[in-house]
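Engineer: Here you go, one structure.
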Amino acid sequence: MIHFILLFSRQGKLRLQKWYTTLPDKEKKKIIREIVQIILSRNQKTSSFVDWKDLKLVYKRYASLYFCCAIEDQDNELLTLEVVHRYVELLDKYFGNVCELDIIFNFEKAYFILDEFIIGGEVQETSKKIAVKAIEDCDMLQETVEEYMNKPAF
Amino acid sequence: MALKMVKGSIDRMFDKNLQDLVRGIRNHKEDEAKYISQCIDEIKQELKQDNIAVKANAVCKLTYLQMLGYDISWAAFNIIEVMSASKFTFKRIGYLAASQCFHEGTDVIMLTTNQIRKDLSSPNQYDTGVALTGLSCFVTPDLARDLANDIMTLMSHTKPYIRKKAVLIMYKVFLKYPESLRPAFPRLKEKLEDPDPGVQSAAVNVICELARRNPKNYLSLAPLFFKLMTSSTNNWVLIKIIKLFGALTPLEPRLGKKLIEPLTNLIHSTSAMSLLYECVNTVIAVLISLSSGMPNHSASIQLCVQKLRILIEDSDQNLKYLGLLAMSKILKTHPKSVQSHKDLILQCLDDKDESIRLRALDLLYGMVSKKNLMEIVKKLMIHVDKAEGTTYRDELLTKIIDICSQSNYQYITNFEWYISILVELTRLEGTRHGHLIAAQMLDVAIRVKAIRKFAVSQMAMLLDNAHLLASNTQRNGICEVLYAAAWICGEFSEHLEEANQTLEAMLRPKVTTLPGHIQAVYVQNMVKLYASILQQKEQAGDKEAAQEITQLMIERLPQFVQSADLEVQERASCILQLIKYIQKLQAKEVPVAEEVIALFAGELNPVAPKAQKKVPVPEGLDLDAWINEPPSDSESEDEKPKTIFHEEEQRHSRHRQPEIDEEELARRREARKQEQANNPFYIKSSPSPQKRYQDTPGVEHIPVVQIDLSVPLKVPGMPMSDQYVKLEEERRHKQKLEKDKKKKKQKKEKRGKHHRHNSLHTESEEDIAPAHHVDIITEEMPENALPSDEDDKDPNDPYKALDIDLDKPLADSEKLPVQRHRNVETLKSPDSEAALVEKKSKKPKKKEKKHKEKERDKGKKKEKEKKVVEEEEEEEEKKGEDLDFWLSTAPAPAPAPQAQSEPALGAAVVAEPQEVKKEEREERDDEEEEDEGKQKSSKHKKKKHKKEKEEKSKDKKKSKKKSHHSEEEPPESVQNGTLEDEPLPPMSSYRLLAENPFIKMTYDIQGNLQNDSQVTVSVIFENKSTSFLKSMELNVLDSLNTKMLRPEGSSVHDGIPVPFQLPPGISNEAQFVFTLQSIIMAQKLKGTLSFIVKNDEGSTHEKLDFKLHFSCASYLITTPCYSDAFAKLLESGDLHMSSIKVDGISISFQHLLAKICFHHHFSVVERVDSCASMYSRSIQGHHVCLLVKKGENSVSIDGKCNDSTLLSNLLDEMKETLSKC
């Protein structure tokens, strides 16, 4: 099971955080600070896996963004890298050539995409097509409602 | 209102939206905090408005701020408001915010229960989806308990989108509310064979997670997973299944044997590294489980090691890392196969990636032998010299010590060499493991008697050169070794050659700069040294020298008396006085040496770390008993506000009872242990004190100042460990020659004296005799120590609660709480309340019963082992046997028919949840036959309905035995729930709907708990042809009363497409919902299935007509009822009565009841001898009560029901079922 997913920039700015275990805010902040520091201090040429407490961190850098997952001891690291990659693919497909700014300005969309892909720390949809379709269907629903709301009420 | 709306949208024009906020923050880099606090003020204003769109916008912005690290918990209530918006746009934002910031401590979370329930049952699948997603993040035990049933229902939702989410969330629910696992498990298992691959993969994920924690409960699923593994092509799913097998194999080695082949095939064929890695890992797990008592699978090991070598040699650091990691797992059981790759691993020590070097070090740990220890350590020492950065060097240091000291210094043949390695390690600047080295020195010097002389001389040298080590006086720095050096020189001073010189070294003024605890040891050991010198001099008659040494002590000791460290000061002043006294005696020419040396007489033996724990509690000593009478209640109440301690005492005294029995004591002891485990201030037993010392948080983070010394640190006169390597080689060579000369004159007595805990010599290693006569003293244990090691399991493990036996039939008390609508409740009253009260009072009894049952089961199992062929009653046992059967690779023609007939019996007796299992088992049987290829598969690939009939006839034959069994059971009344337990999982008594050469359809109808006018029809489509079936569409001619639920906008003549296609030989299930008005009559609907048959020759359009029969029984929902409520219901007089009688019944009563329960959805309320009362309820709330009596050859059934038509129809159906018996 994935315990949490963090996205952060090379400057250490957090861009997205998703927790699949409930923790108080204070604890989360502490963990984020610690992990961002650990990963940013690692050499570019090192492996993507770090043992951290009783979990394993699996991270990968895409352009200026680090994607980091914390998984359990028995989980498959390579599969987790695939999960990260699949998420990037989904973002790419949704935004079309995704960049960091897309995620900053549409952070809620990035979350929605993640939610269609992973739930409760487990991959729920391995098919790219189905996942993207679910998000687009949701968006359709939202857009029509928004258009409706934007119409003047008189 | 309209004005408000207008005002709202005008306001909104001036609001910041999320993009504005993000942009704003980016533009205010200098005064971000100020800007954000301003924004938060604005958001607070927006939240006060009535317009939900404004609120949602505000909450969205808050979610962004939360990510940046700002506290938004104050807005929790507003988030809930947005969550409950009716528009999806806002709901989505609300749930997102909630999932980001709610946690178990959020108090408003309890307000969400009903909202979430509403969303879960929303007709819009995306509403449901969003609620499920949110729930997965913030589910609490309360939410889990209240919503478990709703989520479980969603697992059978018509949309796969919802099903897969529901399945995955069930795992979170299980974790928070373990009681839900057993009731939900049958349905979860069903989902393993869901038509939708996404749902299937979700179910695999969940069961895999569950099974990894408590594998033994899931062993019975192995055949099913095996089938999935061999049929699936989805790597995501395959990896999970293979991982699951990795967890199961240690429990069942035979499973491993079965797995080896498909796994090796996968390893050969796959190109996906993640899958390859998982396969290798599982093969390793299998090999580990097989390693005892199995012929070697050297081919598989070789394959794994080869593949891993490829990974390690890969340029991708990730693969290299994982390859080494997996290699270290093989190492544990097959060290030989790994040792041949030593070159590769040593090469990895030079890798630029530190994490890879560390992994390689781990591997080295297991690769050493007596032969290569010196060589490997020599290589490591070179790395120590080269290493940059203290962390890696420290890691090397600890690894060297680990490698050498492993299994009680098993691989060390020359301790002089080891001591010199330790001394060489002291030259490391800036290490933080001085303590570790010191501990090793002490351990070796104390336990290896032969080495003491050498050790003492080395330690004396260290003390002499203390100035080189003392420069680093921080805690745990290298100066710690001086502690060991001083102690060894003092304790074993008789071996010291130049004691005077050492004493002087210890008395140098520089010593006072050392840490206090080291000085204290110095002071104490000075006296030991002094005593031995004194004795020496006195014996030699050299009085002057004796007085001189006393004078020296008196001169130098005051510097310690002035120490700021209390310990040092105290010891020094005490000793100073002692020596002054000795001086007085010496002046009087009285010999004092004997008396002084007597202060330190006796050997100090090492004590095993666990010794304290192993001291048995003496008989008659009760540690939980009060020593003094505790203060009485009234007293402590008076003093209550005074102190905390009194309060605690009071709590204890309240628990106190005049007499405490054994059980109570055990429970308390357990509770105390729990409390201790949870109390951070309670020091838990740890293997050794120095470990605890190391683990002290914070110490690691003290920055180490690197001191650059231009002069190489070489202690003069220090021996180099390298010389030992050469010496050792020579020695071995000599030994070999000698051995060749007098082969049979080996002196093995030496080795006989070894005291080792677990010396695991291999043949070749035993040839190397140690250089010294070595006597390793074992650590001392208290007398009559308890031999067993206590299980140090973590009591706080959240997964422990999920260690639940899933094969046991469900008990009534385990039902998930079902939230009922109020109108349903009024229909049910007055009996519902009575039932509720009844339920509560029954609970403890139930538990007792269960307990008894368990014990009975155990007894039976034992019996079974004795008798080879015996009929079983318990489903559980059969499961085990089935697995055995599946696992046994030997041809088993005889047991096969038996194995088939037994499940039928068991399933019929224990009713529905087991019925599901039965089917699976049949499939399993089929499969295993295919596997073995020993039996003609055609014979066993029978159609299901035929099979059922066959089983029935078998049942008849067995009925005599069966009745014998029911006689065995005590004739006490059987309460509701023991026969028929689980009302929730859907029925799986599939009947034939229609059939042609292409396709077969079987169906089952289930009532819908949530909706009183809906039933779900599940149809299994089975492709019998060799062609591909697609574009299937099912259409039904609606009647006035019964209509098929079609998607909005479609006309009544439109068919519903079946959401899948069927490759040849595959079957799959689809569900269709029908609405009904009246349910008192059975209904028949005509329908057609149209589909396209596609094969090589082209495609044709085909049709198949069918008649869908809605029996009255399909409107009934199994509902448990308690006898009191049942009696009240009968007394109420609102019910109509009717009765039937069926003759020629030969099956046992129990079997008969099971049939009624299973086919007609009833539950047994009470049973006395051959008379039983039964109850069921229709989806529209009709109560149906039955009284079933069995005569000689007949059965009479009296029924009562709110509706007479329904009753007579039901009874007619029942008559038909029974007449088949």
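The values are calculated or read from the model by the stated rules, or taken from the named source; none is laboratory data. Please read all numbers here as calculations on a predicted model, not as lab measurements. Because the Cβ atoms are built from the backbone with ideal geometry, glycine has one as well, and the counts that use them run over all protein chains shown.
Engineer: Suppose we keep only residues that are of a type in the set (D, E, K, R) and assigned to a helix (DSSP H, G or I) within region B:72-110. Which one would you say is nearest to the other protein chains (Cβ to nearest Cβ)? I'd like the intermediate steps shown before the answer.
Structural biologist: We begin by selecting, within region B:72-110, every residue of a type in the set (D, E, K, R); these are B:81, B:87, B:91-92, B:104, B:107.
Remaining after also requiring assigned to a helix (DSSP H, G or I): B:81, B:91-92, B:107.
Details: B:Glu81: 17, B:Lys91: 10, B:Arg92: 7, B:Asp107: 13 Å.
Top of the filtered list is B:Arg92.
Engineer: Counting only residues that are closer than 13 Å to B:Tyr161 by Cα and within 7 Å of another protein chain (Cβ to nearest Cβ), how many does region A:103-122 have?
Structural biologist: Adding up the residues that qualify gives 2.
Engineer: Considering each of B:Thr128, B:Thr113, B:Thr140 in turn, give the residue that is hydroxyl-bearing (Ser, Thr, Tyr), more than 9 Å from chain A (Cβ to nearest Cβ) and under 22 Å from B:Glu179 (Cα atoms). Reasoning before the result, please.
Structural biologist: Details: B:Thr128 fails: under 22 Å from B:Glu179 (Cα atoms); B:Thr140 fails: more than 9 Å from chain A (Cβ to nearest Cβ).
Sole residue among the options that is hydroxyl-bearing (Ser, Thr, Tyr), more than 9 Å from chain A (Cβ to nearest Cβ) and under 22 Å from B:Glu179 (Cα atoms): B:Thr113.
Engineer: Which strands (runs of 3 or more DSSP E) does region B:1116-1221 wholly contain that include 2 or more residues that are in contact with a Ser or Thr (Cβ under 7 Å, 6 or more places away or on another chain) and surrounded by fewer than 21 Cβ atoms within 10 Å (Cβ to Cβ)? Reasoning before the result, please.
Structural biologist: On the way: elements: B:1136-1142, B:1163-1168, B:1171-1178, B:1183-1190, B:1195-1201.
Fully inside region B:1116-1221 and qualifying: B:1136-1142, B:1163-1168, B:1183-1190, B:1195-1201.
Engineer: What are the residues in region A:104-141 that are within 24 Å of B:Arg23 (Cα to Cα), aromatic (Phe, Trp, Tyr) and surrounded by 19 or more Cβ atoms within 10 Å (Cβ to Cβ), if any?
Structural biologist: So the first thing to find is which residues in region A:104-141 are within 24 Å of B:Arg23 (Cα to Cα), and the list is A:104-114, A:139.
From the residues that got through so far, the ones that are aromatic (Phe, Trp, Tyr) too are A:105, A:107, A:111-112.
Answer for region A:104-141, where residues must be within 24 Å of B:Arg23 (Cα to Cα), aromatic (Phe, Trp, Tyr) and surrounded by 19 or more Cβ atoms within 10 Å (Cβ to Cβ): A:Phe107, A:Tyr111, A:Phe112.
Engineer: Further question: Counting only residues that are of a type outside the set (Gly, Ala, Ser) and within 13 Å of A:Leu40 (Cβ to Cβ), which one in region A:51-73 is nearest to the chain's Cα centre (by Cα)?
Structural biologist: Our first condition is that a residue be of a type outside the set (Gly, Ala, Ser); within region A:51-73, this holds for A:51-62, A:65-69, A:71-73.
Checking the rest, the ones that are also within 13 Å of A:Leu40 (Cβ to Cβ) come to A:57, A:59, A:61, A:65-66, A:68.
On the way: A:Leu57: 14, A:Tyr59: 11, A:Arg61: 12, A:Leu65: 11, A:Tyr66: 10, A:Cys68: 8 Å.
Filtering region A:51-73 for residues that are of a type outside the set (Gly, Ala, Ser) and within 13 Å of A:Leu40 (Cβ to Cβ), the one nearest to the chain's Cα centre (by Cα) comes out as A:Cys68.
Engineer: What residue, of A:Tyr87, A:Tyr66, A:Tyr94, is more than 10 Å from every other protein chain (Cβ to nearest Cβ) and not in a helix (DSSP H, G or I)? Please lay out each step first, then the result.
Structural biologist: Values: A:Tyr87 fails: not in a helix (DSSP H, G or I); A:Tyr94 fails: not in a helix (DSSP H, G or I).
Of A:Tyr87, A:Tyr66, A:Tyr94, the one residue that is more than 10 Å from every other protein chain (Cβ to nearest Cβ) and not in a helix (DSSP H, G or I) is A:Tyr66.
Engineer: Okay, moving on. Among the residues in region B:191-211, are any in contact with a Gly (Cβ under 9 Å, 6 or more places away or on another chain) and away from every other protein chain (no Cβ under 14 Å)?
Structural biologist: no
Engineer: Is at least one residue of region B:19-31 in the same structural domain as B:Ser84 (by the TED database), crowded, with 18+ Cβ neighbours inside 10 Å and either more than 18 Å from B:Phe90 (Cα to Cα) or not basic (Lys, Arg) (or both)?
Structural biologist: There is at least one residue in region B:19-31 that is in the same structural domain as B:Ser84 (by the TED database), crowded, with 18+ Cβ neighbours inside 10 Å and either more than 18 Å from B:Phe90 (Cα to Cα) or not basic (Lys, Arg) (or both).
Engineer: Okay, moving on. Tell me yes or no: at least one residue of region B:626-635 is touching a residue at least 24 places away in the same chain (Cβ under 8 Å), part of a helix (DSSP H, G or I) and surrounded by 14 or more Cβ atoms within 10 Å (Cβ to Cβ).
Structural biologist: Within region B:626-635 (the criterion being touching a residue at least 24 places away in the same chain (Cβ under 8 Å), part of a helix (DSSP H, G or I) and surrounded by 14 or more Cβ atoms within 10 Å (Cβ to Cβ)), the answer is no, since none of the residues qualifies.
Engineer: Do we have any residue at all in region B:593-602 that's of a type outside the set (D, E, K, R), free of Cβ contacts under 8 Å to residues at least 40 places away in the same chain and on the phi < 0 side of the Ramachandran plot? Quick ask: steps written out before the conclusion?
Structural biologist: In the first step, residues of region B:593-602 are kept if they are of a type outside the set (D, E, K, R); the result is B:593, B:596-602.
After this cut, where a residue has to be free of Cβ contacts under 8 Å to residues at least 40 places away in the same chain as well, the list is B:598, B:601-602.
Now narrow it down to the ones that are on the phi < 0 side of the Ramachandran plot: B:598, B:601.
Checked against the condition, which is being of a type outside the set (D, E, K, R), free of Cβ contacts under 8 Å to residues at least 40 places away in the same chain and on the phi < 0 side of the Ramachandran plot, region B:593-602 yields at least one hit.
Engineer: If you don't mind, another one. Which one of the conditions (1) exposed (fewer than 15 other Cβ atoms within 10 Å of the Cβ); (2) free of Cβ contacts under 8 Å to residues at least 24 places away in the same chain does B:Asn1095 fail to meet, given that it meets all the rest?
Structural biologist: Checking B:Asn1095 against (1) exposed (fewer than 15 other Cβ atoms within 10 Å of the Cβ); (2) free of Cβ contacts under 8 Å to residues at least 24 places away in the same chain, the one that fails is (2).
Engineer: Consider A:Arg61 carefully, then state whether it is within 11 Å of chain B (Cβ to nearest Cβ) and more than 29 Å from B:Ala131 (Cβ to Cβ).
Structural biologist: Criteria not met by A:Arg61.
Engineer: Looking at region B:47-71, which of the residues that are within 9 Å of another protein chain (Cβ to nearest Cβ) and either more than 22 Å from A:Lys30 (Cα to Cα) or not hydroxyl-bearing (Ser, Thr, Tyr) (or both) is farthest from the chain's Cα centre (by Cα)?
Structural biologist: Restricting attention to region B:47-71, the residues satisfying the condition of being within 9 Å of another protein chain (Cβ to nearest Cβ) are B:53, B:60, B:63-64, B:66-69, B:71.
Still in the running and either more than 22 Å from A:Lys30 (Cα to Cα) or not hydroxyl-bearing (Ser, Thr, Tyr) (or both): B:53, B:60, B:66-69, B:71.
Working: B:Ala53: 44, B:Cys60: 37, B:Gln66: 32, B:Met67: 31, B:Leu68: 33, B:Gly69: 32, B:Asp71: 33 Å.
If we take residues in region B:47-71 being within 9 Å of another protein chain (Cβ to nearest Cβ) and either more than 22 Å from A:Lys30 (Cα to Cα) or not hydroxyl-bearing (Ser, Thr, Tyr) (or both), then B:Ala53 is farthest from the chain's Cα centre (by Cα).
Engineer: Do we have A:Leu79 as assigned to a loop (DSSP other than H, G, I, E, B) and within 7 Å of chain B (Cβ to nearest Cβ) here?
Structural biologist: Working: assigned to a loop (DSSP other than H, G, I, E, B): no; within 7 Å of chain B (Cβ to nearest Cβ): yes.
It is false that A:Leu79 is assigned to a loop (DSSP other than H, G, I, E, B) and within 7 Å of chain B (Cβ to nearest Cβ).
Engineer: Please go through region A:29-58 and give me each residue that is within 9 Å of chain B (Cβ to nearest Cβ) and farther than 17 Å from B:Ser274 by Cα, ordered by number.
Structural biologist: A:Lys29, A:Ile32, A:Arg42, A:Asn43, A:Lys45, A:Thr46, A:Val50, A:Asp51
Engineer: Please identify the pairs in which a residue from region B:378-394 that is of a type in the set (Val, Ile, Thr) has its Cβ atom under 6 Å from the Cβ atom of a residue that is surrounded by 15 or more Cβ atoms within 10 Å (Cβ to Cβ) and not in a helix (DSSP H, G or I), counting only partners at least 6 apart or on another chain.
Structural biologist: Within 6 Å, the pairs are B:Thr390/B:Gly430; B:Thr390/B:Val704.
Engineer: For region B:1054-1092, enumerate the residues that are over 21 Å from B:Thr158 (Cα atoms) and in a loop (DSSP other than H, G, I, E, B).
Structural biologist: Listed by number, the residues that qualify are B:Pro1063, B:Pro1064, B:Gly1065, B:Gln1077, B:Ser1078, B:Ile1079, B:Ile1080, B:Met1081, B:Ala1082.
Engineer: Please note which helices (runs of 4 or more DSSP H) are completely contained in region B:309-363 and include at least 2 residues that are within 14 Å of chain A (Cβ to nearest Cβ) and crowded, with 20+ Cβ neighbours inside 10 Å. If you could, list the steps in order and put the result at the bottom.
Structural biologist: On the way: elements: B:317-333, B:335-339, B:342-348.
The qualifying helices (runs of 4 or more DSSP H) are B:317-333.
Engineer: Yes or no: region B:153-170 includes at least one residue that is at the interface with another protein chain (Cβ under 10 Å from one of its Cβ atoms), under 24 Å from B:Gly105 (Cα atoms), assigned to a helix (DSSP H, G or I) and touching a Ser or Thr at 6+ places or on another chain (Cβ under 6 Å).
Structural biologist: yes
Engineer: Assess whether B:Lys227 counts as being surrounded by 20 or more Cβ atoms within 10 Å (Cβ to Cβ), within 14 Å of chain A (Cβ to nearest Cβ), within 21 Å of B:Pro262 (Cβ to Cβ) and not β-branched (Val, Ile, Thr).
Structural biologist: Working: surrounded by 20 or more Cβ atoms within 10 Å (Cβ to Cβ): yes; within 14 Å of chain A (Cβ to nearest Cβ): no; within 21 Å of B:Pro262 (Cβ to Cβ): yes; not β-branched (Val, Ile, Thr): yes.
Answer is no for this residue.
Engineer: What's the number of the only condition in (1) under 15 Å from the mean Cα position of the chain (by Cα); (2) more than 7 Å from chain B (Cβ to nearest Cβ); (3) under 25 Å from B:Tyr171 (Cα atoms) that A:Met1 fails to meet?
Structural biologist: If we test A:Met1 against (1) under 15 Å from the mean Cα position of the chain (by Cα); (2) more than 7 Å from chain B (Cβ to nearest Cβ); (3) under 25 Å from B:Tyr171 (Cα atoms), just (2) comes out false.
Engineer: Kindly establish whether B:Thr282 is hydroxyl-bearing (Ser, Thr, Tyr), in a helix (DSSP H, G or I) and within 14 Å of chain A (Cβ to nearest Cβ).
Structural biologist: So B:Thr282 fits the description; yes.
Engineer: Given the criterion on the phi < 0 side of the Ramachandran plot, over 47 Å from the mean Cα position of the chain (by Cα) and surrounded by 21 or more Cβ atoms within 10 Å (Cβ to Cβ), identify the matching residue among B:Thr426, B:Thr502, B:Thr431, B:Thr512.
Structural biologist: Working: B:Thr426 fails: over 47 Å from the mean Cα position of the chain (by Cα); B:Thr431 fails: over 47 Å from the mean Cα position of the chain (by Cα); B:Thr512 fails: surrounded by 21 or more Cβ atoms within 10 Å (Cβ to Cβ).
From the options B:Thr426, B:Thr502, B:Thr431, B:Thr512, the qualifying one is B:Thr502.
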